[in-house]
Amino acid sequence: MERARRAEVEVSYEGRDITTPVNQYLELFSYEDVASGESDRMSISMHDVDMRWLDEWMPRKGDRISGSLVLYDWDAFGTVDRLSCGDFELDDISPGGWPVSFSLGAVSIPRDEPFNTQERTKTWEGISIRQIAQEIADRASVELYYEAEEIPIEILEQNKETDCKFLYSVCEDYGLAMKVFSSRIIIFDEEVYEKRASVRTLDREDIIKWKFNSTVAGTYTGANVRFTDPNDEQEYMVSVGGGSRILEINENTDSIADAERKGIAKLNHANKKAVTLSVTIKTDVRVVAGTCVDVTGMGRMVNGKYYVDKVKTSKSGSGVCQMQLSMHRVVERVRLVSVAAAETAAEVAGAGSSYTVAYGDTLWKIAARFYGRGTEYERIYEANRAVIEETAMGRGKKDSSHGHWLFPGTVLVIPQGI
């Protein structure tokens, strides 16, 4: 007789396999997988009528626990699929009754406690986001996975913040996604992930429950960031996009290039909630936070490509195993930038001449100064590739990391204005 599909939970506690007692007592297993902005979580609820979890099996906060969900014969007979949830630190223990029930909650943070608890004050200067993340990862004794462009930082203050909170805020300010998973800090460009092919199509019959929302509240067609250059006290207005719904951004920026990056990041972050969709489906190990799915069969209002922001996978003691997906629709991101300043027109007119790199300069900053937008930095790099690479290697670098390593005194040719 053909076996029915089934799901089982595998759990390891401080390196010991406790799969059998967990499944014996299991009421509900839940795993929350978040693309960015917060740590993943895992929870296990069990009955404890013989009070063994309260006594001889008593867990302790701070212990390490890992879990996986194994699916047998799920989509076809003879198949075995696994959803690895990662490694977690036990941070919540909640028994109660009668009858006695026992709940464990765990969060995916590095075992190094200061990463999430110790507040630090530090001034970061002449550094990149990758370098900041690498130093924090090394201090927490975890691996860094960085999949984004090099973003230079002139100066940044970490003021009485934990490394975890500080790094999350830095990534958000500059439009990067960050999560902690299985003792790794993962930083990536969410826009790149949005452009990847969808891992599956969800048709009408695949969706058990759903809720759709389309709103203009809290969304914008453009953003303005004001920046005052400390060198000449000239005020610049960095504008992203346009239209009538403008997000006014008031926060510290250290350059026009910095203002451009933050304006683009904050505008597009706000607009992720313009069109959202929440669906419940049968568990599919291909669908994880940070992937995309195509939705069809739901009418023109709902159909489209969606980016998965959060996945909550639940498996009950009775065997029901489902996923709840929280998603936003993938749309073209706003990147059109203009900089309004009296000096801009004059400097653009002067393009085609040479420029000597000063301390604190970046290609993005130089492009913003001469062309009015930092996104034109590639033109300057290509026109000066030889001298930039030669100078970097002369300073002991393997290469310039595509113009990231730029040294004072380097004479650049600025191509004619656009």
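The values are calculated or read from the model by the stated rules, or taken from the named source; none is laboratory data. The model shown is predicted, which means the values in this text are computed figures rather than measured ones. Every residue, glycine among them, receives a Cβ derived from its backbone with ideal geometry; neighbour counts consider all protein chains shown. Keep in mind that these areas ignore ligands, DNA and RNA; they rest on the heavy atoms of the full protein, side chains included. Shrake-Rupley method; radii C 1.70, N 1.55, O 1.52, S 1.80 Å.
Some values worked out for this structure:
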| quantity | calculated |
| --- | --- |
| Any hit, the stretch 102-112, residues being among the charged types (D, E, K, R), in contact with a helix residue (DSSP H, G or I) (Cβ under 9 Å, 6 or more places away or on another chain) and surrounded by fewer than 17 Cβ atoms within 10 Å (Cβ to Cβ) | yes |
| Filter result for Glu147 (in contact with a strand residue (DSSP E or B) (Cβ under 8 Å, 6 or more places away or on another chain), loosely packed, with under 15 Cβ neighbours inside 10 Å, touching a residue at least 24 places away in the same chain (Cβ under 8 Å) and not basic (Lys, Arg)) | yes |
| Residues that are at pLDDT 85 or above and surrounded by 18 or more Cβ atoms within 10 Å (Cβ to Cβ), drawn from the stretch 365-380 | Tyr377, Arg379, Ile380 |
| The stretch 242-272, subset of a type in the set (S, T, N, Q) and within 11 Å of Val334 (Cβ to Cβ), residue surrounded by the fewest Cβ atoms within 10 Å (Cβ to Cβ) | Asn268 |
| Given (1) open to solvent by 20 Å² or more (accessible area, probe 1.4 Å); (2) in a helix (DSSP H, G or I); (3) of a type in the set (A, V, I, L, M, F, W, C), number of the condition Phe115 does not satisfy | (1) |
| Qualifying positions in the stretch 163-178 - more than 24 Å from Gly360 (Cα to Cα) and either in contact with a Cys (Cβ under 8 Å, 6 or more places away or on another chain) or open to solvent by 20 Å² or more (accessible area, probe 1.4 Å) (or both) | Lys165, Tyr168, Ala177, Met178 |
| Filter result for the condition that a residue is of a type in the set (Gly, Ala, Ser), open to solvent by 70 Å² or more (accessible area, probe 1.4 Å) and touching a residue at least 40 places away in the same chain (Cβ under 8 Å), over Ser239, Ser198, Ser183, Ser214 | Ser214 |
| Output for the stretch 191-212, where each listed residue is in a loop (DSSP other than H, G, I, E, B), touching a Gly at 6+ places or on another chain (Cβ under 6 Å) and of a type in the set (Lys, Arg) | none |
| Some residue of the stretch 28-45 being loosely packed, with under 15 Cβ neighbours inside 10 Å and among the charged types (D, E, K, R) | no |
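Matching residues to (1) within 17 Å of Ile18 (Cα to Cα); (2) modelled with pLDDT under 90; (3) crowded, with 18+ Cβ neighbours inside 10 Å; (4) aromatic (Phe, Trp, Tyr):
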residue	(1), (2), (3), (4)
Ala76	no, yes, no, no
Thr79	no, no, no, no
Arg82	no, no, no, no
Leu90	yes, no, yes, no
Pro95	no, no, no, no
Trp98	no, yes, no, yes
